Each structure stands twice: as structure tokens, then as C-alpha cells.
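Take a look at the structure below.
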Amino acid sequence: MKFIESIRNGLDSLLGNYPEVVLYGEDLIDPYGGAFKVTKGLSTKYPDRVWNTPISEAAIIGMSAGMAMCKMKPIVEIMFGDFTSLGVDQLLNHLTKYAWMYNNQVETPVTIRTAMGGRRGYGPTHSQSLEALLSTIPGLSIIAPSHYHDPGRILQQAVLEDSSVKVFSEYKLLYPQELQTPNTVKSGLTLDVSSDVYPIAHLSNCEFDNPEILIISYGGNALLLEQVLLDLLIEYELSAQCALPARIKPFDPLQIQHLISEAQVVLVVEESPKCHGWGAEVVATLSEAGLLSGKNVFRIGSAETPIPSSMAQEEQVLPSAAQIMETISQILV
């Protein structure tokens, strides 16, 4: 099953089994089915529960607050992650504060789905990864699965689990990817996925050794890291593993505690800008938990610049496998 199919199936299951669930956003209804075709077929099957909206992200997100307080579970699709910035007022000053302001007499179980990330030449306003920016909002959870997770199942869990507000980040290049399991992962790699509600995928190039390198990342970065793990073993005979949490905020250091102990190098990779980013929060959290003593710790993120439209220039701005390899080789080789 492909990543996009898993999400579509998750939405189908939610709409089919829970009458309080609605799905709406820009250009969702058939025959278009959304900018990335995730919702294709759903408006035909559920014509009274899947809607198109005008082009106003502030109104789209704001409307979800009223529906949620009326006991519905709205799923909002924002066409590009960049456009969530147009609805930040509703997120920051309304949705995530209502329960607190009204002494828990209201709930706002809202899930905002959006396509994040670059590497498609879409330019500076359609290519950003804003998870780090959104993570500064108190009370907002951020979920960003990779193709080593089952995104449809995780989406269902997110929509149903509680009254919190969540951003469900879908990396654009993951949509056509086949979901990977321990039986289908590339030769030379092993995969283990935890049984947590929001699982962590553990990818390794060494089945038995205690790896020298731990790379922590999320979402579409997994596409870079699977090749990095293979190249590290082939070129430098370095054992390495990658930890990919499905939920990146809140970040639970105990989920990866067992992976850190033997690593000499801990590297955090994100597609958000490195400065004040998710990687900085992860490193700080692990350090406060006393898990990084004596280790070499590094962060890799996007350059401090708008993302170019030229794909050749885009490659220079976003993290790359070569950059990750170079960072590690300078330390251990």
C-alpha cells in the first residue's frame, strides 16, 4: 500500500464509522480530489460530510473551532503547509486556548492535515517545513509519520484519541511511496516499529552490533536516511541507526533512550531551518534527561534562506545525504 492510499483509507474509515467526523478544505471534492489527490472519491461516497471551502485558511481553521465545540470532530485540509501561517491566529489565540479559557467546559478536537516539505521545485512559498514554527504553540500536537509507519492508522488515532488540536504533517514526496515493513525494507537494513500509540520506527544497518551513530529525524527525511545508512556501512563500515518518531511534539526522550547508550555520535536531521529548530529542542530535551553525556552531538537543517524554485538550487538549501555523510565522516572516519 502506498502512503497516500493509507491516509485515504484512514479518512474513509473515519467518515464511515463516526458520524461526528467531517472533512473539508480547498478543492477536495471530486473529480479533483485535492491538490495531491488524497481525498479522491471521498466526496462521492460521503457527499454531505466532505466539502469544498472558499480560499481563506483563517476561515477554514476558525470554522473548525465552532464545529468542535458542537461535539463534531473536524478534519481540516490545508492545501500546502506554508498556508497554515494564514490560520495561525486561529491556532494560537483560539483553538488551543478555548479549553483553558472556559475551564474545560468545551473541547476542540480538531485535526489539521497539510502537505509539507520541498524537493519538488515549488518555490519559496510552497516548499517549507513549518513543524518547528508551529511547535512553539502551547497545546498543539504535531504528528509527522514516515513511510515506515502506517499513516492512515495513526491519523485515525489522532482524530479520535482526545480533545486536543493536532497538525498532521504529510511530506509531499511520501505520497507515492510504498509503506515499508520489516519484511519489505531494503536489503541491508532492518526495521522495528514500536507498539506505542504514536510509534517510533527504528531503522538500522546492523542487526547485531551496537551502532556507533544514532540519527534522529522524522517524516520525509526517512527517504534520505535509508540510503545514508547503507552508504555508511558500505563506504566506511560504520554501524548506524535511525529513530523516526511519528509524533514529534510532544517529543518523548524515553522512546529512544534504549537507542542512545552505545552511540558515539547523535545527529538530528530536519528540513526546517536549523536555527531555533526542532533539532535544537530534541537535543535540549535529551540533554536535560541526562542522555547525551560524552557524546558528539550535531544538528542538520535547511539553510537560513527562502527555498528556491530551481530544483538544482533547492538541493543546495535543503539537507542532503551528502551533507549528512560529510558531517559523520569528519568525526569518525
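Return a yes/no flag: does the range 143-154 have any residue that is buried (at least 24 other Cβ atoms within 10 Å of the Cβ) and part of a strand (DSSP E or B). Scanning the range 143-154 turns up at least one residue that is buried (at least 24 other Cβ atoms within 10 Å of the Cβ) and part of a strand (DSSP E or B). For the range 295-316, filtered to residues that are more than 23 Å from the chain's Cα centre (by Cα) and free of Cβ contacts under 8 Å to residues at least 40 places away in the same chain, the residue that is surrounded by the fewest Cβ atoms within 10 Å (Cβ to Cβ) is Ala312.
Yes/no per residue for (1) of a type in the set (A, V, I, L, M, F, W, C); (2) in contact with a helix residue (DSSP H, G or I) (Cβ under 6 Å, 6 or more places away or on another chain):
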{"site": "Asn221", "(1), (2)": "no, no"}
{"site": "Pro253", "(1), (2)": "no, yes"}
{"site": "Val265", "(1), (2)": "yes, yes"}
{"site": "Glu270", "(1), (2)": "no, yes"}
{"site": "Gly290", "(1), (2)": "no, no"}
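Would the range 71-79 turn up any residue that is over 22 Å from Asn221 (Cβ atoms), in a strand (DSSP E or B) and touching a residue at least 60 places away in the same chain (Cβ under 8 Å)? Checking the range 71-79: at least one residue is over 22 Å from Asn221 (Cβ atoms), in a strand (DSSP E or B) and touching a residue at least 60 places away in the same chain (Cβ under 8 Å).
For the range 53-109, a tally of residues being farther than 14 Å from Leu140 by Cα and not small (Gly, Ala, Ser) returns 28.
For every residue, the table says whether it meets (1) more than 30 Å from Lys71 (Cβ to Cβ); (2) in a loop (DSSP other than H, G, I, E, B).
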{"site": "Leu160", "(1), (2)": "no, no"}
{"site": "Ser163", "(1), (2)": "no, yes"}
{"site": "Ser169", "(1), (2)": "no, no"}
{"site": "Leu173", "(1), (2)": "yes, no"}
{"site": "Gln180", "(1), (2)": "yes, yes"}
{"site": "Asn183", "(1), (2)": "yes, yes"}
{"site": "Ser187", "(1), (2)": "yes, yes"}
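When each of Leu238, Leu244 is tested for being in contact with a helix residue (DSSP H, G or I) (Cβ under 9 Å, 6 or more places away or on another chain) and in a loop (DSSP other than H, G, I, E, B), the lone residue that passes is Leu238. Looking only at residues in the range 205-247 that are surrounded by fewer than 23 Cβ atoms within 10 Å (Cβ to Cβ) and among the hydroxyl-bearing types (Ser, Thr, Tyr), which one is farthest from the chain's Cα centre (by Cα)? The residue in question is Tyr236.
We did not get these values from a lab; they are worked out from the coordinates using the rules stated. As the structure is a prediction and not an experimental result, all values here were calculated from the model. Ideal geometry is used to build each Cβ from the backbone, glycine not excepted, and the neighbour counts take in all protein chains shown.
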